[in-house]
1. Being out of contact with any helix residue (DSSP H, G or I) (no Cβ under 8 Å at 6 or more places or on another chain), open to solvent by less than 40 Å² (accessible area, probe 1.4 Å) and modelled with pLDDT of 95 or more is true for just one of G489, G546, G553, G498. Which residue is that?
2. Looking at N184, is it polar (S, T, N, Q) and farther than 20 Å from G498 by Cα?
3. Name the residues in region 469-479 that are surrounded by 18 or more Cβ atoms within 10 Å (Cβ to Cβ) and either out of contact with any Phe, Trp or Tyr (no Cβ under 8 Å at 6 or more places or on another chain) or not in a loop (DSSP other than H, G, I, E, B) (or both), would you?
4. Within region 500-545, can you find the residues that are part of a helix (DSSP H, G or I), within 46 Å of the chain's Cα centre (by Cα) and not hydroxyl-bearing (S, T, Y)?
5. Sort out for me the helices (runs of 4 or more DSSP H) sitting completely within region 1-113 that have 1 or more residues that are modelled with pLDDT of 95 or more and under 30 Å from the mean Cα position of the chain (by Cα).
6. One residue is enough: does region 137-158 have a residue meeting the conditions open to solvent by 20 Å² or more (accessible area, probe 1.4 Å), of a type in the set (A, V, I, L, M), in contact with a strand residue (DSSP E or B) (Cβ under 6 Å, 6 or more places away or on another chain) and in a strand (DSSP E or B)?
7. Please work out which one of (1) outside any loop (DSSP other than H, G, I, E, B); (2) over 12 Å from the mean Cα position of the chain (by Cα) is the condition E497 fails and give its number.
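The values are calculated or read from the model by the stated rules, or taken from the named source; none is laboratory data. Just so it is clear, the model here is predicted, and its values are computed rather than measured. Ideal geometry is used to build each Cβ from the backbone, glycine not excepted, and the neighbour counts take in all protein chains shown. Accessible surface is based on the protein model in full, side chains and every heavy atom, while ligands, DNA and RNA are left aside. Shrake-Rupley method; radii C 1.70, N 1.55, O 1.52, S 1.80 Å.
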Amino acid sequence: MLSGVQAACSALQEAINAASDAPGEAVTSSTRRSPRKTSTAAKNQIPCMDPGTQELLGYVPAMSAAQVRELVARAKAAGQEWRGSSFAQRRLLLRIILKFIVENQQEICRVSAIDSGKPMVDAAFGEVIVTCEKIWWLAQQGEQYLKPERRSAGTMMFYKAARVEYVPVGVVGAIVPWNYPFHNIFNPLTAALFAGNAIVIKVSEHASWSALYYKRIIDAALAAAGAPADLVQIVTGYGEAGNALVTSPDVGKIIFVGSTHIGRKVMEAAAENLTPVVLELGGKDAFIVCDDADLSQVLPTALRGAFQSCGQNCAGAERFIVQERVYDEFVRRAAGTTSKLRQGAASGGAMVDCGAMCMPGAAEKVQELIDDAVEKGAQVVVGGQLPTGGDGCQFYPPTIVAGVTPEMRIWQEEVFGPVMAVVKFGSDDEAVAIANDCPFGLGSSVFSGSRSRARAIGARLEAGMTSLNDFATTYMCQSLPFGGVKHSGFDRFAGIEGLRGMCIPKAVAEDRWPFKTAIPPLLQYPVSDRAFDFVSALVWMFYAPGWAGNAKGLFNLISCFLPGGGRKAAAKSANGRKDE
């Protein structure tokens, strides 16, 4: 198998090299990027910018609804072939992709850094490691969760064999955000393909440039594994393209990752065809620090949770709820490190800790939340001011704000930026109340020197995921589902639940032994006068709570077949009424 993967990977690399002149070519040197142009893009084009330098990377197509429908049709045809593929072939495809990722980490991360503004280290964390872990888990364990699963046939159906078969939905439609361009494509892609589906992925207009490079990897991997060429389609475009995907009658399931506002619109549009939807929406994760926690362990994790990828994480820590005895020390030590963080363009040559905000206008929105908090009494400890200079680059400094209270917008609204908002608590009950006083409920973390205390607090949090004495480790455990509650959405991707969610669970029952089963003669049309007694006897025999009742049922069942048996009761219960 290894030699087969090696040969396929060599073919994959050759295919990518052969396509190096294609539009959207990955660039690893600033000398290969054009400066920003003053002319506006055509209506059917999306201009792609480096958010850290505002240099123009190029243009990608803004697809029309008709173009999207064509891509869905091609994926559907390819999916019909792929659904009959063996798990061995699906594993081969995954291993080809995994080997390529491992051997090309730097280029993958470089492309992501240029397109989304994140530093290389953050790309290694959020793009490469989690994707490799997902593929590894799927290849090692995925098959056992998609094979037909035997289930109990119950009491009366003891002579039947029952099972659940996991049938591919056909075409999966995914609409993914811009924060992790590589992982957001390969996360739904790998699960969908391993489950036997085709997939059409609509990428964000703010991270479309990298998608064309990643598509070349996908196409070459499909060819190397002998999979249908049209199995994976990438859609670039605006709202029209996304709506066409969601409303397509040929899409069997929609996965949407994005804002709560747009998630509602996606669900409304998908209702037209009753297409099932997975919604992974906003988050404002609580990060609880008890007074018996080890701050030397907690602080580096807290800073990573707040400032990883400039705070642009679905399950990023936003609310740091710290017990009053260690509150001042936590803020002081966190501020000391935060003030030393280096920020700059991730596509430059210097090492930086924080890059740029990917979406235009995001830094200004963060500033609005900070200004509102300060106006209502919060204190900015570090950062808190937009950089001056007016060069158009999308930076916001790593910021710590203390004294946050419920009347502030930052208490309730998702920041999605490099801001650590710190809140003080007294008792564990108060910590839980503060954490749950939020419209979102995606992830959460609890730190305590006592495992039982951390578990007790975590069990009461209204969140889809909880990491104890760590941050976001549930996502690295790829057997676990990913998703939230409340305004953070519903259903799950990732894990066993997410993998099976790519399928229709089909219930199947058949005879356990080699003989035919038929409706008993007393129940065949026209039914016998003894039909009700016969059914009643079965109920007594199988479901009465004691042996005496079971024996009564058996006796009554036998009496239905004896001369004269059951006739008196039948007369009383004819047409559902007793004789007067």
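1. Exactly one of G489, G546, G553, G498 is out of contact with any helix residue (DSSP H, G or I) (no Cβ under 8 Å at 6 or more places or on another chain), open to solvent by less than 40 Å² (accessible area, probe 1.4 Å) and modelled with pLDDT of 95 or more, namely G546.
2. no
3. A472, T474, Y475, listed by residue number.
4. R500, V539, F542
5. Result: 65-82, 87-103.
6. no
7. Only one criterion in (1) outside any loop (DSSP other than H, G, I, E, B); (2) over 12 Å from the mean Cα position of the chain (by Cα) is unmet by E497, namely (2).
Every residue, every condition in (1) at pLDDT 95 or above; (2) closer than 30 Å to F515 by Cα, yes or no:
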| position | (1), (2) |
| --- | --- |
| E133 | yes, no |
| A139 | yes, no |
| E149 | yes, yes |
| T155 | yes, yes |
| G173 | yes, no |
| P177 | yes, no |
| L212 | no, no |
| A220 | yes, no |
| A227 | yes, no |
